[in-house]
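No value in this document is a laboratory result; all are computed from the given coordinates. Computed from a prediction, not measured in an experiment: that's the story for all the values here. All Cβ positions, glycine included, derive from the backbone under ideal geometry; neighbour counts span all protein chains shown.
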Amino acid sequence: MSGFQWWHTAVIYQIYPRSFMDGNGDGVGDLAGIISRLDYLQDLGIDAIWISPIYPSPMADFGYDVSDYTDIDPLFGDLATFDRLLEAIHRRGMRLILDWVPNHTSDEHPWFIESRASRENPRRDWYIWKDAKPDGSPPNNWRSFFGGLAWEWDATTEQYYLHLFDRKQPDLNWRNPEVKASMFETLRFWMERGVDGFRMDVVSFIIKDEQFRDNPVEEIVDDDVSDSNPIHREQRHIYDIDRPEVHDVMREIRAVIDAYPERVSIGEIWTEPLARWAEFFGQNGDELHLPFHFGLLFLPWQAQPIRVQIEALEAVLPPGAWPSNVLGSHDASRLATRFGPQAVRTAAMLLLTLRGTPVVYMGEEIGMVDGVIPADKIQDPQGINSGAELSRDPCRTPFQWSEVPYAGFSTVEPWLPVAEGYEQRNVAAQQVDPHSVLNLYKRLLAYRKSTPALQQGAYHTVTDTPDTCYAYLREYDGQRRLIVLSFADAEQTLSLDAIADRGKVAVSSGLDREGEDLDLSRLRLGAHEGLIIEI
Ligand code: NOJ
């Protein structure tokens, strides 16, 4: 294990706290609810929990609009409950990663209340204020990622402030040293309390062009990470986000993290193309430990685009860099909805056998589907501003624990409706079904944990497979595992004897072929079947 930290070999599980478990019967998930389900997570076999923001917030963006970085919103609990949660997680040998939101605060944060009070206020420069153009229009053409302009007029002080997200999320001015110092203090506050690291929200956005130039307007069609949100693709985002100067701040952030042993820095980095994305590891490995790799999120569920993406990822990684693959999140359509139900099992096998630290979004382990949210129940600001098709509510519906009303998530009507089909698709039902998706996740997680080739091994594509298959090797210290994934609707027979003559099934996606001896010159692979093979 030399050179490996806990986060290299960990599997991270993302909890969207509003929707995981309601402990106090108000229809919204909370920390007490998470505590009550830690045994489930331990039994599942994950190693670290990342919780989306739990700080005090007006909830304009459900916690990504923070009004106090060093407390807990009463909706979720309080600091004493947080300490109990952290202790209970550590007692089980797991780790806790918090979400840190550095790009913007809530407009109800005391810093912004002061900043907007007058042009002379000492905190005026903590946010980004600009005069109107002579004709009264905004300072430049930047757009909010939630739709509309990124500038909001303040009638009292007669200037615009910048908000790359909702107008209730004003952007902090990270060129101001006091802002930096105060935000670094918030990191220290939680590390002193014992948290094991941070997932840093849109951290590559924090530095803006010093001259606030217009972004070039052109439709972006050819990047290596495609994205379904048209707002992201109508301008070339070279001045509002991902500025080269951000790397100086990234190194400062890393130094704050490194002052505490064994903490991890994870970044939400969408930067394109991959070569620029890879810069967030730092030239000397001194920026992020794990910039999330989102390249698989928006690809079609086909073997060749996925293979090409993984090869491109492996090719751009600087020496010593470690990938972290994401297949689902609170911002993207559910796997079963995006790729189709037939993809759920092979997607699990892909995510948990690729090289790197996988992130499992809560509910994927039971194959949850997107919920259907009636128009008058849309909660997400992105859906409200830019249209229902861009709403992220469908992937944020309550977790499905059992077949009782509200899926065992709450005793009262939850903040978002429970997705259809929960009576069959829930933890209780899948626990007793030996072939369930939940039991596949458990088996994959346990097998991964006991197999250094999967946790730490090198990655090699297996070539000469049919277009509808993706096969690769993972190898560590003489241990070799062959992973074969079908993306085809029909059974097929493969010749893989260039790799080895014979093999033995360690895990099959249907949990029905374990121990089977294989002649690799004639490998039978079912439709959308995945196999981990010991060779
Ligand atoms: C990315 C988060 O994942 C998303 O949920 C949020 O709306 C934006 N950042 C703004 O904080």
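Would you calculate, for the chain, the mean residue ellipticity at 222 nm contributed by helices, counting each DSSP H stretch of 4 or more residues as -39,500 (n - 2.57) and dividing by all residues, to the nearest 500?
Numbers: 15 runs with 127 residues, N = 535.
Rounded to the nearest 500, it is -6500 deg cm²/dmol.
Give me the extension gain from Gln283 to Glu423: residue separation times 0.36 nm, minus the current Cα-Cα distance, reported in nm with one decimal. Display every interim value, and only then the final one.
Working: separation 140, 0.36 × 140 = 50.40 nm, distance 5.07 nm.
45.3 nm is the gain from fully extending Gln283 to Glu423.
Taking H placed 1.01 Å from N in the peptide plane, check which residues at least 5 places from Asp73 or on another chain put their amide H under 5 Å from its amide H.
Here the answer is Tyr55, since their amide H atoms fall under 5 Å of that of Asp73.
Can you work out the FRET efficiency for the pair Arg91 and Ala117, with r the C-beta to C-beta distance and R0 = 41 Å, to the nearest 0.05? Intermediate values should be presented prior to the final figure.
Values: r = 46 Å, r/R0 = 1.11.
With R0 = 41 Å, the Cβ-Cβ based efficiency is 0.35.
Given H placed on each backbone N at 1.01 Å, which residues far from Trp151 in sequence or on other chains put an amide H within less than 5 Å of it?
His163
Tell me, what ³J(HN,Hα) does each residue in segment 325-339 have, in order and in whole Hz, if you take phi through Karplus 6.51 cos²θ - 1.76 cosθ + 1.60 with θ = phi - 60° and put x for Gly and Pro?
My calculation for segment 325-339 gives 8, 10, 10, x, 6, 6, 10, 10, 4, 4, 3, 5, 8, 5, 9 Hz in order.
Distance from the Cα centre of segment 353-429 to that of segment 232-299, in angstrom?
Rounded to whole Å, the Cα centres lie 29 Å apart.
Over the chain, what is the relative contact order in whole percent, taking alpha-carbon pairs under 8 Å and six or more residues apart?
Numbers: 1146 pairs, mean separation 64.4, N = 535.
Once normalised by length, the contact order is 12 percent.
Largest first and in whole Å, what are the equivalent-ellipsoid semi-axes of segment 110-162 based on the Cα gyration tensor, each being the root of 5 times an eigenvalue? Working shown, then result.
Values: eigenvalues 78, 36, 13 Å².
Each semi-axis is the square root of five times an eigenvalue, giving 20, 13, 8 Å.
Rank Pro134, Gly148, Ser115 by how far each Cα sits towards the positive end of the charge dipole of segment 110-162 (+1 on Lys, Arg Cβ; -1 on Asp, Glu Cβ) and give me just the farthest.
Going by the charge dipole, the pick is Gly148.
At what distance in angstrom do the alpha carbon centres of segment 1-45 and segment 461-535 lie from each other?
32 Å
With the crude spin-label approximation of a point 7 Å out along Cα→Cβ, what separation in nm comes out for Ala458 versus Tyr476?
In this crude spin-label approximation the distance works out to 1.5 nm.
Please compute the contact order of segment 110-162 in relative form: average sequence separation of alpha-carbon pairs under 8 Å and at least six residues apart, divided by the residue count, as a percent. Working shown, then result.
On the way: 70 pairs, mean separation 16.8, N = 53.
Relative contact order comes out at 32 percent.
Taking a label point 7 Å from the Cα of Leu79 along the Cα→Cβ vector, which residues of segment 159-188 have an amide N closer than 18 Å to it?
Those under the cut-off are 182-188.
Figure the gain on full extension for Asp43 and Lys449 (residue separation times 0.36 nm, minus the Cα-Cα span) and round it to one decimal in nm.
Working: separation 406, 0.36 × 406 = 146.16 nm, distance 1.30 nm.
Contour length minus Cα-Cα distance gives 144.9 nm.
For Ser182 and Glu218, compute 0.36 nm times the residue count separating them, minus their Cα-Cα distance, and round to one decimal in nm.
Values: separation 36, 0.36 × 36 = 12.96 nm, distance 3.73 nm.
So the extension gain works out to 9.2 nm.
With θ set to phi - 60°, apply the Karplus curve 6.51 cos²θ - 1.76 cosθ + 1.60 along segment 40-47 and write out the HN-Hα couplings as whole Hz, x wherever there is a Gly or Pro.
4, 5, 5, 5, 4, x, 7, 10
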